Number of protein chains: 2
Amino acid sequence: MVTIADVAKAAGVSKGTVSSVFSKKRPISKEVTQRVLKAAEELNYRPNYWARSLVNRKTNIIGLNMRSEKMPLDAFQHELLDGMMEVCYEHGYRILINILQPSLLKQVELIASDPVDGEILLDPIHDDPRIEDRLKRHVPIVVVGRPSGELAGQVCSVDNDNIAAAAKSVRLLLTQGHRRILFLNSAKDRTVAEDRELGYYLAHREAGVDPVAGLILNKPDDDGTSIRFGYETTLQMLREHAGISAILADNESMAMGIYQAAEELGLHIPGDFSVIAFSGGEHFPPAMHPPLTGMRLDARTIGMEAARLLIEQVTAGAAGVKRILLPSELVERGSCACTH
Amino acid sequence: MVTIADVAKAAGVSKGTVSSVFSKKRPISKEVTQRVLKAAEELNYRPNYWARSLVNRKTNIIGLNMRSEKMPLDAFQHELLDGMMEVCYEHGYRILINILQPSLLKQVELIASDPVDGEILLDPIHDDPRIEDRLKRHVPIVVVGRPSGELAGQVCSVDNDNIAAAAKSVRLLLTQGHRRILFLNSAKDRTVAEDRELGYYLAHREAGVDPVAGLILNKPDDDGTSIRFGYETTLQMLREHAGISAILADNESMAMGIYQAAEELGLHIPGDFSVIAFSGGEHFPPAMHPPLTGMRLDARTIGMEAARLLIEQVTAGAAGVKRILLPSELVERGSCACTH
DNA sequence: ATTTTTAACAAAACCGGTTTAATGTAGGAC
DNA sequence: GTCCTACATTAAACCGGTTTTGTTAAAAAT
């Protein structure tokens, strides 16, 4: 490996001089500058990233921390990553994807502080230990989702307004005359599931409708694909419960499962029942048949906002604790219709 | 920041002793070990990742290097990333996503060597300067795709057998009676485009059919989305050229554009013309209408193989130059049919 | 002409770890 | 009792950069 000392020797100057030539933080004569640049060029010298980070206390890397069980990434996470990338790209930051086996985390090699300037945390759970750890070590973080309890007031976060989003979609279905609305919700321990359930009830109360019990089902804890859960649950619930005329799905994969189930049962969407889903992107819903009506969550914007917030925190020092709530847009496409 | 010196002072020992307690590379008495661990615990000490990397010359990070214009990531890249993540997860490696603005790359801050043990390079072009650079600096790399020219013999690579894949899909169309097959190929400078074009011609020759000139179009250099390119090109070509009865698309997004164009023109797939596409995942093609017939490229496996190959290189030192070619599977779903 | 300032560079200290060489101390062999 | 060895620990050197301090010679000020 070519070091700064090699360059210095080749150019007949000291290490500090070479450093100054590159950083331009102190004046170096034109003649010496030329000599150094030539030597560096010839030796194919590249400054060592880690040595520099060590002294600068800055890596220009931000981490994306997700719970390890979540693999592979779903549409929402991919869109979010895209958004993060776009902002990081503009600001000269790189992204470190941080998923490690819990077993490996115990190894000495890896308990080290993460090599990042800050982190974006996904899928917070109740009293998430990751958040407490970062707070204690003063590592800047932005949480995507709703941090629970007293942590909420201490960290920046970006999230959909899930309560409003769920309420808005249920409101649509209620005004269309649906009274038994099946809700295939996400896993129970996630704060997002709580929020959406709340929205579901809220819309019912507003409309003066008593929600039918047993129609909210949580996806079992992150095992199995969403598409299968949507498929199997729909088959089962439509058989067992009469009168279900609409289904609200947690994501577009579930909706695909629902579509498959409809086809198998010989049912027509939206003639026989309506479907509406929270969707991570607007890439695929329009291509479905019929085009899927949904709440556009805009994971991409969330990723962008989270990255902006984090970079702001990292560069400008500690800004205040901000919480950004993004509205979701209801996009009617063709999978919802009035009853009778 | 709590350093190793702080811990040493608190425990009343030297820095080296603390280091040994953590690394267990030299024997430390039980009593001292306890004292050190207690002090570290109380101070909430975490070893500094950069300092450690500096001396160990090892980061346990591998880089994913993609050409900056490619944003956001397409389905293929997302799947590939998933595969990489899975393997890295098992082996205790992190992934650094490396996309930087060309303008920023010139800044002194960023010309530094990348902070990784090795890199996976995407979308190689002719005499890719990235490859030459890594070779010169002896940074282990694995190329996803086909490195061009003399570089091919010097680096590991993982790729679809694109020639075979293209040939196989064109062969299907030819046996179905199609004679004017429009091929919406990817950008011209990419080696993958060459390979697939070769496959296109190969299948024609095998079948004794003279390919019609002007039916292979390359996507303009990575600007604009694939979906739009598919849409606009289809509209234009179907108007201008009579007799086109089948379209081969570079990816599923293009296929969606083609579907949209068909709808706008009031044409029926596969009744009026057939569509077949290279597809990164098997997530969405089945949900399209009609379900999209395609060559399943299995980006996930490519990602896994690339990561394995790279980690092998990084840990075991220089292994031989390997090239892994993965077969693609033709999945017939419903967007292709015989002519007349 | 002498002192003061400035420019341009060298030398050394530092960042926070790891590793090697040196040191001291206890136990065993003679 | 002396010498050697083994063991636990310390001090110092090192990784590859940046930054501070020191030094020298020329330019400017008095």
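Listed by chain and number, the lysines whose alpha-carbon sits under 24 Å from that of B:K168, ignoring those within fewer than 8 places in the same chain, are B:K188, B:K219.
Near B:D127, once Lys and Arg are set to +1 and Asp and Glu to -1 for all other residues with Cβ below 11 Å from its Cβ, the sum equals -3. Checked against a 18 Å cut-off, the cross-linked pairs A:K58/B:K136; A:K9/A:K38; B:K58/B:K322 give Cα-Cα distances beyond that limit for A:K58/B:K136; B:K58/B:K322. Each part reduced to its alpha carbon centroid, the range B:1-79 and the range B:194-242 end up 53 Å apart.
Take the alpha carbon gyration tensor of the protein assembly as shown, find the square roots of its eigenvalues, order them as a ≥ b ≥ c, and report rounded if a/c is under 1.5; if not, report prolate when a/b exceeds b/c, else oblate. Intermediate values should be presented prior to the final figure.
Numbers: a/c = 2.23, a/b = 1.26, b/c = 1.78.
Oblate.
Estimated purely from DSSP H runs of n ≥ 4, each contributing -39500 (n - 2.57), the mean residue ellipticity at 222 nm for the protein assembly as shown is -13500 deg cm²/dmol once divided by its residues.
Tally Lys/Arg at +1 and Asp/Glu at -1 over every other residue whose Cβ is under 15 Å from the Cβ of A:P290; what's the total? Don't skip to the answer; put the middle values down first.
Numbers: positive: A:R333; negative: A:E252, A:E263, A:D272, A:E332, B:E263.
That works out to -4.
Let a ≥ b ≥ c be the square roots of the eigenvalues of the Cα gyration tensor of the range B:162-297; is it rounded (a/c under 1.5), or, if not, prolate (a/b larger than b/c) or oblate? Write down the numbers at each step before the final one.
Details: a/c = 1.26, a/b = 1.14, b/c = 1.11.
Rounded is the answer for the range B:162-297, as its axis ratio a/c remains below 1.5.
Between B:A277 and B:A249, B:G294, B:M295, the built amide H atoms are under 5 Å apart, and every one of these is 5 or more places off in sequence or on another chain. Close amide H pairs (under 5 Å, H built 1.01 Å from N) link B:R179 with B:S245, residues at least 5 positions away or on another chain.
Of all aspartates and glutamates in the structure, the ones whose alpha carbon falls short of 19 Å from that of A:K15, not counting any fewer than 8 places away in one chain, are A:D6, A:E31, A:E41, A:E42, B:E109.
3J(HN,Hα) along the range A:113-124: 4, 6, x, 10, 7, x, 9, 10, 9, 9, 6, x Hz, from the Karplus curve 6.51 cos²θ - 1.76 cosθ + 1.60 with θ = phi - 60°, whole Hz, x for Gly and Pro. Measuring from the axis that maps chain B onto chain A, the chain B residue with the nearest beta carbon and its rounded distance in angstrom come out as B:H289, 2.
Across the range A:333-339, coupling constants 3J(HN,Hα) worked out from phi with the 6.51/-1.76/1.60 Karplus curve, θ = phi - 60°, read 10, x, 9, 10, 8, 5, 6 Hz, and Gly and Pro carry x. If R0 is 51 Å, the Cβ-Cβ spacing of B:L43 and A:H340 corresponds to a FRET efficiency of close to 0.15.
In the elastic network of chain B, a GNM with C-alpha springs shorter than 10 Å, the most mobile of B:N162, B:N48, B:N185 is B:N48.
Note on A:H91: accessible area approximately 90 square angstrom, rounded to 10, probe 1.4 Å, nucleic acids and ligands left out.
Of all complete DSSP H helices in chain B, those with a Cα span along the helix axis of 18 Å or greater and a mean Kyte-Doolittle hydropathy of -1.0 or more are B:30-43, B:75-91, B:162-175, B:191-206, B:226-240, B:252-265, B:299-316.
The same position B:R57 in the other copies lies at 3.0 nm from this copy, comparing label points 7 Å beyond Cα toward the beta-carbon, shortest first. Here the label points at B:H126 and A:T225, each 7 Å from Cα along the C-beta direction, are separated by 4.0 nm in the simple model.
The values are calculated or read from the model by the stated rules, or taken from the named source; none is laboratory data. Computed from a predicted model, the values in this text were never measured in an experiment. Every residue, glycine among them, receives a Cβ derived from its backbone with ideal geometry; neighbour counts consider all protein chains shown. These area figures cover heavy atoms from the full protein model, side chains too; ligands, DNA and RNA do not enter into them. Shrake-Rupley method; radii C 1.70, N 1.55, O 1.52, S 1.80 Å.
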